[in-house]
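K.L.:
Starting off with a structure, shown below.
The values are calculated or read from the model by the stated rules, or taken from the named source; none is laboratory data. Nothing here was measured: the structure is a model prediction, and the numbers come from that model. So basically every Cβ, Gly included, is an ideal-geometry build from the backbone, and we count neighbours across all protein chains shown.
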Amino acid sequence: MKIMSFNLLCGGKDGRDWPCRTELVLDTIRKADPDTLGVQEAHYDWIKALCAGLPDYAYVGVGRNDGKTEGEFSAVFYKKEKFALLDAGSFWLSETPDVPGVKGWDAACVRICSYARLQETDAGRQFVHFNTHLDHRGVVAMQKGAELVAEKAEEICPDLPAFFTGDFNVTPDSAPYRAVIAGGFRDARLLAPVSDDGATFHCEVFVTDKYDEPPAIIDYCFVKGDVQVRSYRVLRDAYPGGLYPSDHFPVLVEVELPSA
């Protein structure tokens, strides 16, 4: 089974705005052929484009601003013929996780986590895929957000395998990363016999004329429970003209679940 995480970039400019990159993003996803996919920075128009271009997939998730369609989604897409959706939900990374549109702690933006509990239609195995996008400025919000998802995972699926994907905006030496590990998750990058230590955020300019953040590992797939990680890859494919689908490289992890 293949799990993917992909920050699509909500905007862009000068030929790199999101409509110009839609087909590149769709082609990248089709080539990777993930069974489940967590996306970040996906506004509602992105969601509609993904649904139209990936008809084999369904999704769960809501806009972070109103719990409906406003604001970015941290949606989970899944192959609808391969999996039955048993449960799904979203919660906000704030002191009031059930209240839509609230900025948590010192966050610069409203942040959300969506999840899907899925069951394979043939083998009957179940798992839960959580997906989020941590804040990019609020130090407390990053930490508390990571801790909250780990706590919710323990509450929602204490006895099931789980995946936790997202753009965390932090590197592996950070406190929020350690909070995820302390919550029982493991970094798939470190577990895979075939792995990749390359950056997931690259320095191609998409939004401003100058960008002073260096390439870094800030996108992850964490696993929890009885999960065997077979491979971890950062997908760096460029398209004609050297254009990348996003300012983030997607992450693709191959895993094996225990028998039902």
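K.L.:
Could you grab me the full set of residues in the range 159-188 that are surrounded by 16 or more Cβ atoms within 10 Å (Cβ to Cβ) and of a type in the set (S, T, N, Q)?
P.N.:
The answer is Thr165, Asn169, Ser174.
K.L.:
Name, by its number, the condition in (1) without any contact (Cβ under 8 Å) to a residue 40 or more places away in the chain; (2) out of contact with any strand residue (DSSP E or B) (no Cβ under 7 Å at 6 or more places or on another chain) that does not hold for Gly124.
P.N.:
Every listed condition holds for Gly124 apart from (1).
K.L.:
Take the range 31-42 and flag every residue that is touching a helix residue (DSSP H, G or I) at 6+ places or on another chain (Cβ under 8 Å) and not β-branched (Val, Ile, Thr).
P.N.:
Leu37, Ala42
K.L.:
I'd like the full set of residues that are within 26 Å of Ile156 (Cα to Cα), among the hydrophobic types (A, V, I, L, M, F, W, C), over 15 Å from the mean Cα position of the chain (by Cα) and surrounded by 14 or more Cβ atoms within 10 Å (Cβ to Cβ), limited to the range 215-260.
P.N.:
Correct list: Val227, Val229, Val255, Leu257.
K.L.:
Could you please tell me which pairs satisfy a Cβ distance under 6 Å, a separation of 6+ or placement on different chains, a first residue in the range 183-198 that is farther than 24 Å from Gln143 by Cβ, and a second residue that is among the charged types (D, E, K, R) and crowded, with 17+ Cβ neighbours inside 10 Å?
P.N.:
Ser195/Arg189; Asp196/Arg233
K.L.:
Which of the following residues is assigned to a strand (DSSP E or B), surrounded by 17 or more Cβ atoms within 10 Å (Cβ to Cβ) and aliphatic (A, V, I, L, M): Ala141, Ala88? Spell out the reasoning first.
P.N.:
Details: Ala141 fails: assigned to a strand (DSSP E or B).
Of the residues listed, the single one that is assigned to a strand (DSSP E or B), surrounded by 17 or more Cβ atoms within 10 Å (Cβ to Cβ) and aliphatic (A, V, I, L, M) is Ala88.
K.L.:
Can I ask one more? Please enumerate the residues belonging to the range 19-41 that are crowded, with 20+ Cβ neighbours inside 10 Å and either free of Cβ contacts under 8 Å to residues at least 12 places away in the same chain or of a type in the set (Val, Ile, Thr) (or both).
P.N.:
Selection gives Val25, Thr28, Ile29, Thr36, Val39.
K.L.:
I've got another one for you. If only one of Tyr59, Tyr44 is at pLDDT 95 or above, surrounded by fewer than 16 Cβ atoms within 10 Å (Cβ to Cβ) and not charged (D, E, K, R), which one is it?
P.N.:
Of the residues listed, the single one that is at pLDDT 95 or above, surrounded by fewer than 16 Cβ atoms within 10 Å (Cβ to Cβ) and not charged (D, E, K, R) is Tyr44.
K.L.:
Also, I was wondering about something else. Out of Glu155, Glu151, Glu120, Glu147, I need the residue that is modelled with pLDDT of 95 or more, out of contact with any Cys (no Cβ under 7 Å at 6 or more places or on another chain), under 24 Å from Gly71 (Cα atoms) and of a type in the set (Asp, Glu). Which one?
P.N.:
Glu147
K.L.:
Of the residues in the range 1-18, how many are surrounded by fewer than 18 Cβ atoms within 10 Å (Cβ to Cβ) and modelled with pLDDT of 95 or more?
P.N.:
Looking only at that region, the number is 1.
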